[in-house]
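Comments concern the structure below.
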Amino acid sequence: MRLTARGVVLLVISALLLAAAEWAGYPLFRVLGAVGLAAVAAAVVVTARGLRVDVARAVYPDRVERGRPALAKLTVRNLAKHRQRGFDAWDRAGADVQTVRIRPLAQDAEATYRYELPTGRRGRLPVGPLTLHRVDPFGLARNRLSAGETAELWVHPRRHPARALIGGYPRHHHDGSTTDDSLRGSLDLRDVREYQPGDEVRHLHWKATARTGRMMVRDYADPQQPRFTLLLDTRRVSFTPEVFEEAVDVAASLLHASAMAGNHTRLVGSGGLDLATAGGPLASRLLLDELCQLGQDAGEALVPRELAAARDQGGCLMVVTTGGLDGLAVLRPRYSSLFLVDLAATEPIVVPGVRVITAEDAAHAVRRWNEVVG
């Protein structure tokens, strides 16, 4: 418990009035000083009693797209053996503070309050701690108490409806190397070879066995899955903060569509970020969580060293950038298709062997992308 600024001023004035009354002998000053001191004492008595309440806060949903509503549910229960006077609850969400007025509670009573959380900016937003604030009717003294646990709200980038470049898993007979993380369960015939101990007997090729006089088996392998790699330019020299948010929205839209289509999806940042996933809803969540916290850096190269040095990538590569396009010539032969989204371009860019999508913002870029893959 502590006095407010108003309470301190009233206390000082009351003390001066009492001193003046004793020195000058004015009864009016003595009465006014006594009344002021009594008001301060009453405020201290009212606020000194602790707040015996149980507070629980839930944030739902805990992951939300930028600009979409997110709510906090505050449940307050009176643990005191008497009626609890009303008080204020201050809940901090990032840099914003939400004030909730708690009504008086009877013994063992419970009340629930809901309020919106700010979702206008992308990021990982801490919610809490909760501060319970009681003040007397005249604002002379206050009592604050921290309660509740700290929660987190993940504000993901805005996603626009996007199409995946390749839908489903192509199954075809082929020769050549296969991937270690290829799709399980497919049965594409790769070769017919001589039986080795440990091979499945049900894979015996009886016609080849009769023709060669040796036990021959079918060698099955899984085909390589579709792969989508997105390289996001995170250099400060490439984007203004506003345009960078549009670039992140483009990345979120395309990565989410690819992951939900079941494709191997990889996010690469020019600053060194590298997150490879096997596709699916969990992969989409991991990618969006990473984009939620991604910021710009002071790097100079568009293509990170790890991506430039890698071999046998395959699949589709999408580059989201504006400005310098250094390093793309090295990547072109390693991918079956290469796209480039150029945001806020003043004039069309021509890159040999690269499909360039020029757009003004994220929504325009995704619409152009859907036209290309559609």
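Of the conditions (1) free of Cβ contacts under 8 Å to residues at least 12 places away in the same chain; (2) more than 38 Å from the chain's Cα centre (by Cα); (3) over 21 Å from residue 140 (Cβ atoms), residue 21 satisfies every one except a single condition; which number is it?
Unmet condition: (1).
Residue-by-condition table, conditions (1) over 32 Å from the mean Cα position of the chain (by Cα); (2) within 30 Å of residue 55 (Cα to Cα); (3) modelled with pLDDT of 80 or more:
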| residue | (1), (2), (3) |
| --- | --- |
| 141 | yes, yes, no |
| 152 | no, yes, yes |
| 156 | no, yes, yes |
| 172 | yes, no, no |
| 195 | yes, no, yes |
| 216 | yes, no, yes |
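Across the stretch 92-126, what is the total count of residues that are farther than 13 Å from residue 75 by Cβ and either more than 30 Å from the chain's Cα centre (by Cα) or among the aliphatic types (A, V, I, L, M) (or both)?
As a first pass, look at the stretch 92-126 and keep what is farther than 13 Å from residue 75 by Cβ: 92-99, 101, 103-104, 106-108, 116-126.
Those still in the list that are either more than 30 Å from the chain's Cα centre (by Cα) or among the aliphatic types (A, V, I, L, M) (or both) too: 93, 95, 97, 103-104, 106-108, 117, 125.
Number satisfying all stated conditions: 10.
List the residue pairs whose Cβ atoms are under 8 Å apart, where the first residue sits in the stretch 126-147 and is on the phi > 0 side of the Ramachandran plot, the second is open to solvent by less than 50 Å² (accessible area, probe 1.4 Å), and the two are 6 or more positions apart or on different chains.
Qualifying pairs under 8 Å: 128/57; 128/91; 128/148; 128/151; 139/4; 139/7.
Quick one: which residue in 114, 85, 77 is loosely packed, with under 14 Cβ neighbours inside 10 Å and on the phi < 0 side of the Ramachandran plot?
On the way: 85 fails: loosely packed, with under 14 Cβ neighbours inside 10 Å; 77 fails: loosely packed, with under 14 Cβ neighbours inside 10 Å.
Answer to the check: 114.
I'd like to know if the stretch 287-308 contains one or more residues that are in a helix (DSSP H, G or I), at pLDDT 85 or above and under 21 Å from residue 226 (Cα atoms).
The answer is yes; a qualifying residue exists.
What number of residues within the stretch 179-188 satisfy the criterion of being of a type outside the set (Lys, Arg) and either at pLDDT 90 or above or surrounded by fewer than 14 Cβ atoms within 10 Å (Cβ to Cβ) (or both)?
Of the residues in the stretch 179-188, 4 are of a type outside the set (Lys, Arg) and either at pLDDT 90 or above or surrounded by fewer than 14 Cβ atoms within 10 Å (Cβ to Cβ) (or both).
Yes or no, residue by residue, for (1) of a type in the set (Lys, Arg); (2) at pLDDT 95 or above; (3) within 21 Å of residue 123 (Cα to Cα):
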| site | (1), (2), (3) |
| --- | --- |
| 242 | no, no, yes |
| 249 | no, yes, yes |
| 253 | no, yes, yes |
| 256 | no, yes, yes |
| 264 | no, no, no |
| 269 | no, no, yes |
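Just name the residue that is farthest from the chain's Cα centre (by Cα) out of those in the stretch 218-259 that are open to solvent by 30 Å² or more (accessible area, probe 1.4 Å) and aliphatic (A, V, I, L, M).
237
When the residues of the stretch 260-292 are filtered to those that are more than 15 Å from residue 65 (Cβ to Cβ) and polar (S, T, N, Q), which remaining residue is surrounded by the fewest Cβ atoms within 10 Å (Cβ to Cβ)?
For the stretch 260-292, the residue satisfying everything is 277.
Tell me which of these residue 129 doesn't satisfy, since it passes every other one: (1) part of a strand (DSSP E or B); (2) open to solvent by less than 60 Å² (accessible area, probe 1.4 Å).
(2)
Answer yes if at least one residue in the stretch 47-62 is in a helix (DSSP H, G or I), surrounded by 13 or more Cβ atoms within 10 Å (Cβ to Cβ) and among the β-branched types (Val, Ile, Thr), and no otherwise.
Yes; the residues of the stretch 47-62 include at least one that is in a helix (DSSP H, G or I), surrounded by 13 or more Cβ atoms within 10 Å (Cβ to Cβ) and among the β-branched types (Val, Ile, Thr).
The values are calculated or read from the model by the stated rules, or taken from the named source; none is laboratory data. From a predicted model like this one, the values you see are computed outputs, not experimental measurements. Note that each Cβ is placed from the backbone with ideal geometry, even for glycine, and that neighbours are counted across all protein chains shown. To get the accessible areas, we keep the full protein, side chains included, count just its heavy atoms, and leave off ligands, DNA and RNA. Shrake-Rupley method; radii C 1.70, N 1.55, O 1.52, S 1.80 Å.
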